[in-house]
Amino acid sequence: MSVLVVADHDNKTLAEVTAKVVTAAKQMGDEVHILVAGQDCEPVAQAASKLDGVAKVLHADDPIYSARLAENVTELVVGLMGNYSAVMSSATTASKNFMPRVAALLDVAQISEIVKVEAPDTFVRPIYAGNAMQTVQSGEAKKVITVRTTTFQATGQGGSAAIEKISAAKNPGLSEYVEDRLSSSERPQLTSAKIIISGGRGMQSGDNFKMIEAVADKLKAAVGASRAAVDAGYAPNDMQVGQTGKVVAPELYIAVGISGAIQHLAGMKDSKVIVAINKDEEAPIFQVSDYGLVADLFKAVPELEAELAKLGL
Amino acid sequence: MKVLVPVKRVIDYNVKARVKADGSGVDLANVKMSMNPFDEISVEQAVRMKEAGVITEVIIASIGPAAAQETIRTALAMGGDRGVLVKTDQTVEPLAVAKILKEIATKEGAEIVILGKQAIDDDSNQTGQMLAALLGWSQATFASEVKLDGGKAEVTREVDGGLQTIKVNLPTVITVDLRLNEPRYASLPNIMKARKKPIEEKTPEDFGVDITPRLKVLKTTEPPTRSAGVKVESVQELVAKLRNEAGVI
Ligand SMILES: Cc1cc2nc3c(=O)[nH]c(=O)nc-3n(C[C@H](O)[C@H](O)[C@H](O)COP(=O)(O)OP(=O)(O)OC[C@H]3O[C@@H](n4cnc5c(N)ncnc54)[C@H](O)[C@@H]3O)c2cc1C
């Protein structure tokens, strides 16, 4: 039986993470289909059909899927599961919202945030803020899996899967969408950026994040934050990196005024190169940093911007 | 209106989990245990709703070993009214937890269940959504603001792109995120009072729920470790190393 991947999108563009979920899905050893549920989301279905390794795209276009409300998407996915041995989606907030609901209605376990497919029934996932890796085996007929996309490469382009329109499932009518207040930024997204610079409580104010943004612009980097910085209102919630925020693994992660709590490390310790700028030489962040600079950030960050400018960045 | 708040006893968030040498799991012997931090936020939310007069009773439930009684007591000291302890020493997966909670919610006639969005031990982020599914209720996950309004709840959610507001029908399941509130510390008089609040003891069998794990844990291993690199003396040196040694800028 085939594997169903549920696409992440905003009705206009297919999220990059979906191509990574497809890579994980291909390792399940069966045909991969993608479900695109949304409203007026033809371009998303088109993009999904071009992903390498996808055999078919199921496209459900209906106003009840415009905001991908959990109850509505669940109804649709559960109805399709007769034909599939597994359903997979990314560990985004959108998928984390409906996937466990699907699992419960199928009366199976969900396997959360896998980082590796060892065999079609065996997966590795982090637990305890990534301080332990658990290998689990599922003997269930249907598998519900969310994928931590930082550890999977995106599948290529060049596919030409057929797009099959499917009708909407019934509307459970339990919830309604009111509004989104999304952060807008010209910078790369945290979860796909090659370079990230994050600020912590040491930044002292939201205004001071401008220093970090100036460096980010030179490096074409995304800007992140610690929980403490978000709680204090220096940065919006969508910038939180960590166990309970976003998990990132860029080529370069620069932590500024961040102590390196377990929960923060959980979200960034798989970065290729880690830099820490902190005035406390005992800060735990230095234990995971490739390059540590013990300095006052208010001096070091503007200097960093100036040095990068010298390089013509 | 009654609210059910499930709480979980987990490793304290300040403690770094260590994997047992034989790969059989995480070593929890002599480790400080506390209430899952997200659950403190759930309890706080429910107690504030009671203080505001919009709900009448806050029922605390925990599924776990006898020691989970302490976790329930903590929640009662924060303002919960009474507790239900479903005692078991086995590992209970989120689906089984959701099945037990469904029975409790139904029996108690709760109209809102407030849970943490995830537990910091297994990091599953599943139980609330599963419970909503089993009950056939609406769900509002990752809440940073909750307003009750007639037969509905308006909930602002922390999502990857920012914030999203939805309106859900009651009864509902809400899972909380970090910014919903700052949980109170229980005062000494309230800790004393909590000792007298009733805690009913049950077992999974009392609810007819089979808690046999669906997943087999083959092994638990250490993650790849990083070691500390070098300290640089200046920003100039840092930039030079990033460019010439690491090749990342
Ligand atoms: C349930 C739960 C979930 C959590 N989830 C997350 C999560 O997802 N992500 C996360 O980040 N945290 C999370 N946390 C919080 C975490 O435990 C820490 O409290 C948080 O990461 C600390 O943020 P910080 O490093 O910015 O602040 P602090 O720990 O206060 O560190 C500030 C650092 O800035 C340095 N500093 C101050 N001034 C200067 C200066 N002028 N120049 C240079 N350095 C300076 C200090 O030396 C210090 O090291 C969670 C906690 C809980 C309980």
ask   = What residue, among those in the range B:134-146 that are open to solvent by 10 Å² or more (accessible area, probe 1.4 Å) and closer than 14 Å to B:Ala105 by Cβ, is nearest to the other protein chains (Cβ to nearest Cβ)?
value = B:Leu134
task = Filter the range A:188-206 for residues that are closer than 23 Å to A:Ala283 by Cβ and within 16 Å of the ligand (Cβ to nearest atom) and give the result.
result = A:Leu190, A:Ile196, A:Ile197, A:Ser198, A:Gly199, A:Gly200, A:Arg201, A:Gly202, A:Met203, A:Gln204, A:Ser205, A:Gly206
request  = Residue by residue through the range B:206-228, note down the ones that are out of contact with any strand residue (DSSP E or B) (no Cβ under 6 Å at 6 or more places or on another chain) and open to solvent by 40 Å² or more (accessible area, probe 1.4 Å).
outcome  = B:Asp206, B:Gly208, B:Asp210, B:Thr212, B:Pro213, B:Arg214, B:Pro224, B:Thr225, B:Arg226, B:Ser227, B:Ala228
inquiry  = Against the definition (closer than 17 Å to B:Ile59 by Cβ, out of contact with any Phe, Trp or Tyr (no Cβ under 6 Å at 6 or more places or on another chain) and away from the ligand (no atom under 13 Å from the Cβ)), how does B:Val31 come out, yes or no?
reply    = no
query = If we keep just the residues of the range A:234-245 that are more than 9 Å from the ligand (Cβ to nearest atom) and at the interface with chain B (Cβ under 9 Å from one of its Cβ atoms), which is most open to solvent (accessible area, probe 1.4 Å)?
reply = A:Pro236
request  = Tally the residues that are at pLDDT below 95 and open to solvent by 90 Å² or more (accessible area, probe 1.4 Å), restricting the search to the range A:188-207.
outcome  = 1
ask   = Identify, please: which residue in the range A:82-97 is within 13 Å of A:Leu69 (Cα to Cα) and in contact (Cβ under 8 Å) with a residue 60 or more places away in the chain and is, among those, least open to solvent (accessible area, probe 1.4 Å)?
value = A:Ser95
request  = Within the range B:216-249, work out how many residues are free of Cβ contacts under 8 Å to residues at least 12 places away in the same chain and part of a loop (DSSP other than H, G, I, E, B).
outcome  = 13
inquiry  = Is it the case, given these coordinates, that A:Asp231 is near the ligand (Cβ under 9 Å from one of its atoms), of a type in the set (D, E, K, R), at pLDDT 95 or above and out of contact with any Lys or Arg (no Cβ under 9 Å at 6 or more places or on another chain)?
reply    = no
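Condition check ((1) part of a helix (DSSP H, G or I); (2) of a type in the set (Val, Ile, Thr); (3) modelled with pLDDT of 95 or more; (4) under 23 Å from A:Gly233 (Cβ atoms)) across all residues:
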position	(1), (2), (3), (4)
B:Ile104	yes, yes, yes, no
B:Val113	no, yes, yes, no
B:Met130	yes, no, yes, no
B:Gln139	no, no, yes, no
B:Val146	no, yes, yes, yes
B:Arg157	no, no, yes, yes
query = Hey, among the residues in the range A:150-187 that are away from chain B (no Cβ under 13 Å) and in a strand (DSSP E or B), which one's most open to solvent (accessible area, probe 1.4 Å)?
reply = A:Lys165
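Residues checked against (1) within 11 Å of chain B (Cβ to nearest Cβ); (2) in contact with a Pro (Cβ under 9 Å, 6 or more places away or on another chain); (3) surrounded by fewer than 19 Cβ atoms within 10 Å (Cβ to Cβ):
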site	(1), (2), (3)
A:Phe209	no, no, no
A:Lys218	yes, no, no
A:Ala225	no, yes, no
A:Leu252	yes, no, no
A:Ser289	yes, no, no
A:Asp296	no, no, yes
A:Lys299	yes, no, yes
task = Determine which single condition A:Gly257 fails, assuming it passes every other condition in (1) more than 24 Å from A:Asp207 (Cβ to Cβ); (2) in contact with a helix residue (DSSP H, G or I) (Cβ under 8 Å, 6 or more places away or on another chain).
result = (1)
task = Collect the residues in the range B:174-205 that are open to solvent by 90 Å² or more (accessible area, probe 1.4 Å) and either without any contact (Cβ under 8 Å) to a residue 12 or more places away in the chain or touching a Phe, Trp or Tyr at 6+ places or on another chain (Cβ under 6 Å) (or both), keeping them in residue-number order.
result = B:Tyr185, B:Leu188, B:Met192, B:Lys196, B:Glu205
ask   = Within the group B:Arg179, B:Arg243, which residue is within 30 Å of A:Gln134 (Cβ to Cβ) and at the interface with chain A (Cβ under 9 Å from one of its Cβ atoms)?
value = B:Arg179
ask   = Which one of B:Glu40, B:Glu51, B:Glu44 is among the acidic types (Asp, Glu), within 16 Å of the ligand (Cβ to nearest atom), in contact (Cβ under 8 Å) with a residue 24 or more places away in the chain and open to solvent by 50 Å² or more (accessible area, probe 1.4 Å)?
value = B:Glu40
inquiry  = Among the numbered criteria (1) in a helix (DSSP H, G or I); (2) more than 11 Å from chain A (Cβ to nearest Cβ); (3) within 30 Å of B:Glu93 (Cα to Cα), which one does B:Pro189 miss?
reply    = (3)
task = Go through the range A:129-149 and give me each residue that's without any contact (Cβ under 8 Å) to a residue 12 or more places away in the chain and open to solvent by 30 Å² or more (accessible area, probe 1.4 Å).
result = A:Gln134
task = Look through the range B:9-20, keep the residues that are away from the ligand (no atom under 12 Å from the Cβ) and either within 9 Å of chain A (Cβ to nearest Cβ) or not in a strand (DSSP E or B) (or both), and return whichever of them is nearest to B:Thr127 (Cα to Cα).
result = B:Ala17
note = When A:Ala309 is run through (1) among the hydrophobic types (A, V, I, L, M, F, W, C); (2) open to solvent by 40 Å² or more (accessible area, probe 1.4 Å); (3) within 12 Å of the ligand (Cβ to nearest atom); (4) more than 8 Å from every other protein chain (Cβ to nearest Cβ), the failure sits at (3)
ask   = Given the structure, is A:Ala7 under 20 Å from the mean Cα position of the chain (by Cα), surrounded by 24 or more Cβ atoms within 10 Å (Cβ to Cβ) and hydrophobic (A, V, I, L, M, F, W, C)?
value = yes
remark   = Of the conditions (1) modelled with pLDDT under 95; (2) within 16 Å of the ligand (Cβ to nearest atom), the single one that A:Ser185 does not satisfy is (2)
note = When the range A:256-279 is checked residue by residue, the ones that are open to solvent by 30 Å² or more (accessible area, probe 1.4 Å) and not in a helix (DSSP H, G or I) are A:Ser259, A:Ala261, A:Lys269, A:Asp270, A:Lys272, A:Lys279
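The values are calculated or read from the model by the stated rules, or taken from the named source; none is laboratory data. These figures come from a predicted structure and were not determined experimentally. Cβ atoms come from the backbone with ideal geometry, glycine included; neighbour counts cover every protein chain shown. Heavy atoms of the whole protein, side chains included, go into the accessibility calculation; ligands, DNA and RNA do not. Shrake-Rupley method; radii C 1.70, N 1.55, O 1.52, S 1.80 Å.
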